[in-house]
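These notes are about the structure you will find just below.
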Amino acid sequence: MIEIYNEQLTEQPVREYVEFGRETVICDISGKAFAAFDIGHDMICCNSIDELTAYISVSMTGGKDIDIVIFDDTAADAGSVSDIREYYLKLLALVKKVVFEKKSGSRLIVFYKTGDDILPYNEALAPIGRSAAIIGGELKVKTVGIDKDTDLTHDIFVSELNEKGFTDSTVVYSGGKRFIKSMVPCCSAGAGHGSFLTLDSDSAVVITGASGRIAGILARAVAERCRAGIILISRSRNRQIDELIERYSGRISFIKCDINNSSRFEAVLSEAVAGYSRCAAIINTAGNNDGKYFISKNKEDMECVFAPKLSGAFGLFDYACKHPVDRLILFSSSSAFFGDLGQVDYSLINRFTDVFADYADKYFRRSGIPARVISAAWPLWRNGGMHMEKGSEAAYLAMNKSDYLEDEEGAALLFDLMTDDEHTDLLIIKKKDSSEVKKMSEKNYYSGADDISSELRNIIYKVIDLEPERISENRNFSEMGFDSISFREFAAQINKSFGLEILPIDFFSCTNLKLLAEKVADNNTTVVIASHNLRELEDLCDRLCLMHRGHMMLERGIDDLRHGLRKVQVAFTELPYKPNIFEGINAINITRNGNIFNLTIKGTEEEFMPKLKALNPAFVSAIPLTLEEIFISEMGAAGYDIHSIL
């Protein structure tokens, strides 16, 4: 089932707030001395994000909870691609410091001005807390937009900072009232409104990012359902584009152009659509998700993720301001609302796409420009190109209780978008069939485990209340009911039990109990088992420590112990005529039964066997000791009464 949501404002007064007394670091970009507000405890004031990041780098200690407040009253002046890109890059560098290096439980609150003529790019910061949480960060993000005709008062500042039950949210103050932005169902999917769209051969449909798989799906759908000409734009030409041009000869043309180059894009597109009487739609499917986790990305990596969405949005906006276009359709991702698997930059730039669509559409309506603008936050397309590692992808779908979007479903939705004049930013969710969810949750029950798996099962039970016997080794964690919050708790409990530094992001590579147990075992981990039953540890432990009355008698690898201690049986027909038969052999224990001797010898067989054979025994045999025999030998050699200990 496909569900479509639209973002709406719901009036919600400030809830009860409390004084936390947390350290507060304020960055006043606008320089308007908002930091003069009295918040009831000490605060540090900075004049730029660079200064703020530098302070946190040298001053904050790990585990310290802080509030970071940013005042940005420059939105009306900072509307260029480069300004917004640099602002985002600096904020993401700050997020890295706070979340991953300092490992503190922090809150980020951004106050900014709003208005019809202001692009509220700060609102795009909303999903970064959710994305950071998935990879181990504890960061809650609240954006607070205040109408340009409303002053930021002390009461607004303090109540938003110290709101009880502080959570990720998008707050807007307008007309003296406080609103929360939320997603609400807005229309039925697959209603087929777009089927009434008639595009003749004088109409052009432009698809950017044409080398991507989704662009190919849409190009085929448009070619099959109407007679419009199709112009494909991409910075590179691939086999998909060649096949489309060959299959729909005379209907599809290709322009090699990078949408990030706005001046060239405008020139080549103007020339391409000149042969048509109408440009029905420009569809920007361009996007880049390099698959790297945010924590390992550098500035250049993030710029590559930003470019197709950020520069692309501005380029299309500029084109529509100068040339007639019926509709701009900007492709976004559901990660803009749900967060992504550690792709903080990707979720941010997709949220920007949604914010920009709303701003651009309002601008066009005010200015009398006929173009309509709509963004669509799509779920994962089954045959799309933005796939993740298999386990991570399954976890992402399970966490959001969603399913893949099929080609025909996506094509039908596209045609609906081309006739929707009511909405500007939509969230599309493909819900997984409930019977399939139930089927997935019932398969592969627990059938046995080792000690590490058993301990992990107990931790899962503590975190999500799932009985250990119902936890299969191969069942995906997200199918068990984990979300970003419970993943954080799961990681914390594992780290506490095993002394590791597991992050929630690790659960998207170690997606089930079997893989996680292997990681725990291989991750330089020491599992300490205290037991008096040495036989049960024989095949489980790789290192042994013997303690008695608070003193460590022995600590060594079991293989080393076994290699250095041997139980030897020697039988003689006639005893050697020597006062000390085994002189020169490091025997720590000797027992005799007639002419048969049982020895516990320290050393290797290469060392003691030649000496034993020189005594001309009738029989000699050496075997490794069991752990219990090692224990008895070592403790006995130290002068302890073994019988009293055992």
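The values are calculated or read from the model by the stated rules, or taken from the named source; none is laboratory data. No experiment lies behind these values; they were computed from the predicted model shown. Note: ideal-geometry Cβ built from the backbone for every residue, glycine included; neighbour counts use all protein chains shown. Protein only, heavy atoms only, side chains kept; ligands, DNA and RNA dropped before computing areas. Shrake-Rupley method; radii C 1.70, N 1.55, O 1.52, S 1.80 Å.
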Check: Which members of segment 463-478 meet the condition of being open to solvent by 40 Å² or more (accessible area, probe 1.4 Å) and in a loop (DSSP other than H, G, I, E, B)?
Finding: ASP465, GLU467, GLU473, ASN474
Next item on the list: May I ask you to list the residues in segment 246-261 that are under 15 Å from VAL206 (Cβ atoms) and either under 39 Å from the mean Cα position of the chain (by Cα) or open to solvent by 80 Å² or more (accessible area, probe 1.4 Å) (or both)?
Entry: ILE252, SER253, PHE254, ILE255, LYS256, CYS257, ASP258, ILE259
Check: Hey, among ASP345, ASP290, ASP340, which residue is at negative phi, touching a helix residue (DSSP H, G or I) at 6+ places or on another chain (Cβ under 9 Å), assigned to a helix (DSSP H, G or I) and of a type in the set (Asp, Glu)?
Finding: ASP345
Notebook entry, point to check: Is segment 575-590 home to any residue that is basic (Lys, Arg), open to solvent by 60 Å² or more (accessible area, probe 1.4 Å) and modelled with pLDDT of 85 or more?
Noted result: no
Margin query: Suppose we keep only residues that are open to solvent by 30 Å² or more (accessible area, probe 1.4 Å) and in contact (Cβ under 8 Å) with a residue 12 or more places away in the chain within segment 557-573. Which one would you say is nearest to LEU627 (Cα to Cα)?
Written below: ARG562
Check: Out of segment 281-305, which residues are under 24 Å from LEU417 (Cα atoms), of a type in the set (A, V, I, L, M, F, W, C) and open to solvent by less than 10 Å² (accessible area, probe 1.4 Å)?
Finding: ALA281, ILE282, ILE283
Notebook entry, point to check: Inside segment 152-200, can you point out the residues that are at pLDDT below 80, surrounded by 18 or more Cβ atoms within 10 Å (Cβ to Cβ) and not in a loop (DSSP other than H, G, I, E, B)?
Noted result: GLY194
Notebook entry, point to check: Among the residues of segment 68-77, is any out of contact with any Lys or Arg (no Cβ under 6 Å at 6 or more places or on another chain), open to solvent by less than 30 Å² (accessible area, probe 1.4 Å), in a helix (DSSP H, G or I) and modelled with pLDDT under 90?
Noted result: no
Check: For segment 364-379, how many residues meet the condition of being open to solvent by 40 Å² or more (accessible area, probe 1.4 Å) and more than 28 Å from GLU3 (Cα to Cα)?
Finding: 4
